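The values are calculated or read from the model by the stated rules, or taken from the named source; none is laboratory data. A quick note: this is a predicted structure, and the numbers were derived from the prediction, not measured. Ideal geometry is used to build each Cβ from the backbone, glycine not excepted, and the neighbour counts take in all protein chains shown.
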Amino acid sequence: MATIIRQERALSFAAVDATPLDGTTSGRTFQPGDRLESACIPLDEETDAVTITMDGTGSDGNTAVFNIYGYGLNGPAERIYHTVTATLGTGVAGTGKLYVDTISGTDTHTSTIGIKDSGSNTVAKVSFDTSGMRYLYFEPTTFTTLTAITFHVREWGNK
């Protein structure tokens, strides 16, 4: 079977999520009805995995902290990668934007989170299996000097 790229999508945030998912607060539980569409990337049915790169508006060393959740078609939010710190490097991603070059966090997924090219002033990337998921949910919790972050999600799977 050949591996093909299914979609490439981007999701940008200019502010943190003031009320993150906590499982109990009204409107912020792990239930699918509390999923904010503005914080989601819908996945194609045939997507097997994703690779995520990031860029941000800020300076070398600025950081963003965020969580990534996955949702099945009608299932609850499942933590995938938690308390993730993304640090801007020196690689230019556009006017006033730099690529994230360092990524670290807590892997809470059922399969291993792959972090590649981290800490080298290039473009760090995160990859993981998305079998059984229909949505990825991004939840920025802290910006340190950085003023915006964009997640670039490349979906891939077998033909």
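Numerical summary
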{"read-out": "Members of segment 33-53 found to be surrounded by fewer than 13 Cβ atoms within 10 Å (Cβ to Cβ) and closer than 24 Å to VAL126 by Cβ, listed by number", "value": "GLU37, SER38, GLU45, GLU46"}
{"read-out": "Considering residues of segment 54-72 that are closer than 24 Å to THR112 by Cβ and surrounded by fewer than 21 Cβ atoms within 10 Å (Cβ to Cβ) only, the residue modelled with the lowest pLDDT", "value": "GLY72"}
{"read-out": "Condition broken by VAL84, with the remaining ones in (1) among the aliphatic types (A, V, I, L, M); (2) more than 14 Å from the chain's Cα centre (by Cα); (3) surrounded by 20 or more Cβ atoms within 10 Å (Cβ to Cβ) satisfied", "value": "(2)"}
{"read-out": "Test: residue in segment 10-32 that is under 14 Å from the mean Cα position of the chain (by Cα), surrounded by fewer than 17 Cβ atoms within 10 Å (Cβ to Cβ) and closer than 21 Å to SER131 by Cα", "value": "yes"}
{"read-out": "Subset of segment 100-111 (residues that are surrounded by fewer than 21 Cβ atoms within 10 Å (Cβ to Cβ) and farther than 23 Å from GLU45 by Cα)", "value": "THR102, SER104, GLY105, THR106, ASP107"}
{"read-out": "Checking LEU11 against (1) touching a strand residue (DSSP E or B) at 6+ places or on another chain (Cβ under 6 Å); (2) more than 20 Å from ILE149 (Cα to Cα), the condition it does not meet", "value": "(2)"}
{"read-out": "Matching residues in segment 79-95 - criterion: being more than 16 Å from PHE143 (Cα to Cα), in contact (Cβ under 8 Å) with a residue 12 or more places away in the chain and not aliphatic (A, V, I, L, M)", "value": "ARG79, TYR81, THR90, GLY91, GLY94"}
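Let's see how each residue does on (1) modelled with pLDDT of 95 or more; (2) farther than 14 Å from ASP48 by Cβ; (3) crowded, with 20+ Cβ neighbours inside 10 Å; (4) hydroxyl-bearing (Ser, Thr, Tyr):
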{"position": "ILE113", "(1), (2), (3), (4)": "no, yes, no, no"}
{"position": "ASN121", "(1), (2), (3), (4)": "no, yes, no, no"}
{"position": "ALA124", "(1), (2), (3), (4)": "yes, yes, yes, no"}
{"position": "PHE128", "(1), (2), (3), (4)": "yes, no, yes, no"}
{"position": "GLY132", "(1), (2), (3), (4)": "no, no, no, no"}
{"position": "TYR137", "(1), (2), (3), (4)": "yes, yes, yes, yes"}
{"position": "PHE151", "(1), (2), (3), (4)": "yes, yes, yes, no"}
{"position": "GLU155", "(1), (2), (3), (4)": "no, no, yes, no"}
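Here is a yes/no grid of residues against (1) without any contact (Cβ under 8 Å) to a residue 24 or more places away in the chain; (2) of a type in the set (Lys, Arg); (3) over 14 Å from PHE13 (Cα atoms); (4) touching an Asp or Glu at 6+ places or on another chain (Cβ under 8 Å):
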{"residue": "ASP48", "(1), (2), (3), (4)": "no, no, yes, yes"}
{"residue": "MET54", "(1), (2), (3), (4)": "no, no, no, no"}
{"residue": "GLY61", "(1), (2), (3), (4)": "no, no, yes, no"}
{"residue": "ILE113", "(1), (2), (3), (4)": "no, no, yes, yes"}
{"residue": "ASN121", "(1), (2), (3), (4)": "no, no, yes, yes"}
{"residue": "THR141", "(1), (2), (3), (4)": "no, no, no, yes"}
{"residue": "THR150", "(1), (2), (3), (4)": "no, no, no, yes"}
{"residue": "ASN158", "(1), (2), (3), (4)": "no, no, yes, yes"}
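Yes or no, residue by residue, for (1) under 21 Å from VAL65 (Cβ atoms); (2) touching a helix residue (DSSP H, G or I) at 6+ places or on another chain (Cβ under 7 Å); (3) not polar (S, T, N, Q):
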{"residue": "ASP117", "(1), (2), (3)": "yes, no, yes"}
{"residue": "ALA124", "(1), (2), (3)": "yes, no, yes"}
{"residue": "ARG134", "(1), (2), (3)": "no, no, yes"}
{"residue": "TYR137", "(1), (2), (3)": "yes, yes, yes"}
{"residue": "THR141", "(1), (2), (3)": "yes, no, no"}
{"residue": "VAL153", "(1), (2), (3)": "yes, no, yes"}
